[in-house]
Amino acid sequence: MKKILLISIMFVGLASGPFAANSDFHLEAGALYGSRSIADSGLKSIYGEGLVYFPYAGITWKGVLIGGGYEGGYSKSGTIGLYEEASSLKISGFEFFIGYVIRIKIIAPYIKLGYGSYSYQQKVDSPYVESFKVDHKKTAVSIGGGIRLYPFKNLLLMGEAKYVPLKVMPFDVEVDLSGLRLLAGIGLSI
């Protein structure tokens, strides 16, 4: 909570400081929503693709985009193992990113590189053995890009593709939680 408050104060300070007079400086906030895939074929057959949301806040200055956000929403249930025991998988994470936006009138293609801390939790409920639970975190780099549209002065619409390579080893076997996100969203830029 203290980090969020500190970042908010920093954004307000930058907006009211020397950058505010520069029309190339903008504060922005928005949210993206869409699908997320999982690379591991075993987990994919049990849980499948899911939906994620990504609220974010950032600044743009002379085309450079810096910000942070939270990816959540992927929470799936399925049956696993020989006895088809109930299980669940949840993946979420915080991400900081830097990117570059090329604005051409109302259209702006962009690319971005991120670094995030992702939490993954899997739980298997079994009547035969003690319940199995994984609750770990791992950091990963992400890469993405997309198109922004500015139909009105402060409104922006976005379409984005983002890939996060996330191989984890909760026990003795590596599991590939990597996945592609196909997202659409809306935001404000002031």
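The values are calculated or read from the model by the stated rules, or taken from the named source; none is laboratory data. Small disclaimer: the values here were computed from a predicted structure and weren't measured. Quick reminder, even Gly has a Cβ in these numbers, built from the backbone with ideal geometry, and neighbours come from all protein chains shown. Side chains are part of the model used for accessible areas, which takes the heavy atoms of the whole protein and leaves out ligands, DNA and RNA. Shrake-Rupley method; radii C 1.70, N 1.55, O 1.52, S 1.80 Å.
If you roll a 1.4 Å probe over the range 144-188 with all protein chains in place, what percent of the accessible area is carbon or sulfur?
Working: 1620 of 2290 Å².
The value for the range 144-188 is 71 percent carbon and sulfur by accessible area.
Would you mind giving the average projected area, over all directions, of the Cα convex hull of the range 103-190 in nm² with one decimal? Walk me through the numbers on the way to the answer.
Numbers: hull surface 31.4 nm².
Directional mean of the projected Cα hull area for the range 103-190 stands at 7.8 nm².
Output the 0 to 90 degree angle, nearest 10, between the alpha-carbon long axis of helix 2-16 and the longest principal axis computed from the alpha carbons of the chain.
20
At 1.4 Å probe radius, can you tell me the per residue accessible area of the range 77-150 in Å²?
Values: 4610 Å² over 74 residues.
Here the per-residue accessible area is 62 Å².
Given a Förster distance of 35 angstrom, what is the FRET efficiency for Lys138 paired with Asp24, based on the Cβ-Cβ distance and rounded to 0.05?
Here the calculated transfer efficiency is 0.45.
If one puts a single equal scatterer on every Cα of the chain and applies the Debye formula without solvent, what log₁₀ I(q)/I(0) results at q = 0.13 Å⁻¹?
The Debye formula, applied to the Cα set alone, gives -0.73.
If you average the sequence gap of Cα pairs under 8 Å that are 6 or more apart and divide by the length of the chain, what percent do you get for the contact order?
Relative contact order for the chain comes out at 19 percent.
Give me the percent of accessible area attributable to carbon and sulfur for the range 29-140, probe 1.4 angstrom.
Here carbon and sulfur together make up 61 percent of the probe-accessible area.
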